[in-house]
Amino acid sequence: MKCPVCQMDCVKSATDILSILTTIFQPCSDCTMHPLDKRAPLADLSYIRPCLCGKRFIDDVFAQMYVIMVEEGDLLKTDPLLAVGSPLIHPGFAMDSPPFLPGKSLVLLSKKVNKKAAQRIFDEVPEVRGVVKTGDFVPGLANADLDSVPKVYDLLAGCDVRADIFPLMTGPLVMYKQQSLIHIEFPRGNDLKLQSVEQHVGIPPVKSFVDACSGVGTLGLAAACLGVPHVIMNDAWYASAFWSAFNLEINREYLKLNRVKIFEQFEDMQKHPVAKDPIKIAETEGEQIIEVFQGDFRSLYRVLPAGISLTAIDLFDKNDNKMIELIKKEWQEKVGGEVFIP
């Protein structure tokens, strides 16, 4: 499947991803583990090469990146190993032990890295698929202000598209995202939001479900996998709306669909990064009706059918209780049905 970011064949269907989960990060009989102290500098500027099987313990991968960043002046020899940055593995899922990484299985998020070192890391470290420079902010829409364009991280080298695997009672969900544009939501094996969706959807499932602030579509696709006949996903941020639609195609084998129609291309959506009036991004044909919109969730009622059964409003900031109660009240007045904050 063609990647919308790098245009290469780095995106796979849910079934293809799930088929390799049990072995992808497991060592062969010749692999060796060399745990390093993340809070200390690298003792000497050296590192172990990958095993003949093509995998390498994650600490050894970090050692090579550390050496490159020291050589390029992004780190001092006195900096601890953890100063390299944060690893996001691909695919991401809850694990009991540190991984042995195969090729192109790691996206590095780093505040310290600059362009030259990032390109060297991508070129010289076989496990790295992308290098992203981060900042002291959350990328994408982190508040309700739709009048300004949100900040994003910088993809310095490679491709930062990766998948996370989330557990669901009907089977795992495979959720892709471009990590420089979307906040981190790494699976921990016990996802309370998904459990909340399962509880509210019920058995038999409700007739309709709205994921009003969908992000990349995790809650909406969970409802679809649980058998809800009509699901609507929406997000004002273009990257979230696009990946909601893309993940619908990724997981289509688990849904009662004949076809997924995506109306907006990634490049075109970048021209209107934040939308207020709802724009339809995708829809399906088949036994289940699933629609994706880009727009302000407070305007979504204009395009919703009558008789919505259940709505999840997954706000990024859940600390303002008065605001949350006001949002729920306004939604029920305009849309109706049950509303919950996962």
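All of the numbers you see were taken from the coordinates with simple rules; none came from a lab. Worth saying up front: this structure is predicted, and the values here are computed from it rather than measured. Ideal geometry is used to build each Cβ from the backbone, glycine not excepted, and the neighbour counts take in all protein chains shown.
The table below lists the values:
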| read-out | value |
| --- | --- |
| Residues with amide H under 5 Å from that of GLY92, placed H, sequence gap 5 or more | ALA163, ASP164, ILE165 |
| Where only C-alpha atoms are counted, convex hull volume of the chain per residue in Å³ | 139 Å³ |
| For the chain, calculated [θ]222 nm from helices alone, where every DSSP H run of n ≥ 4 adds -39500 (n - 2.57) | -6500 deg cm²/dmol |
| Interchain or long-range residues, amide H under 5 Å from ASN251's placed H | none |
| Karplus-derived HN-Hα couplings along segment 201-208 (A = 6.51, B = -1.76, C = 1.60, θ = phi - 60°), whole Hz, x at Gly and Pro | 5, x, 10, x, x, 4, 7, 8 |
| Between 0 and 90°, nearest 10: helix 115-124 axis offset from the chain longest Cα axis | 80 degrees |
| Dipole-positive endmost among THR284, PHE340, MET323 within segment 261-342 (Cβ charges, Cα centre) | MET323 |
| Zero-based 5 Å bins, Cα pair distances in segment 191-340, whole percents | 2, 10, 21, 24, 22, 14, 6, 2, 0 |
| For q = 0.12, 0.15, 0.21, 0.26 Å⁻¹, Debye-computed log10 I/I(0) when each Cα of segment 69-147 counts as one equal scatterer | -0.43, -0.63, -1.03, -1.28 |
| Within straight-line cross-link reach of LYS334, lysines at Cα separation under 27 Å, skipping those fewer than 8 residues along the same chain | LYS193, LYS207, LYS276, LYS280, LYS318, LYS322 |
| Proximal lysines relative to LYS133, as straight alpha-carbon distance under 16 Å, when same-chain residues fewer than 8 apart are discounted | LYS111, LYS112, LYS115, LYS116, LYS151 |
| Gyration tensor (alpha-carbon) shape descriptor, segment 14-158, a/c threshold 1.5 | oblate |
| Ranked by how many other beta carbons lie within 10 Å on average, peptides 226-236, 129-139, 187-197 from highest | 226-236, 129-139, 187-197 |
| For ILE279, distant residues with modelled amide H under 5 Å away | GLN294, GLY295 |
| Inter-centroid distance (Cα atoms) of segment 57-75 relative to segment 93-147, Å | 14 Å |
| Sites ALA306 and LEU326, calculated FRET efficiency, Cβ-Cβ separation with R0 35 Å, nearest 0.05 | 0.90 |
| Angle in degrees between helix 58-71 and the longest Cα principal axis of the chain, rounded to the nearest 10 | 70 degrees |
| Segment 191-340 - share of DSSP beta bridges that are antiparallel (%, nearest 5) | 40 percent |
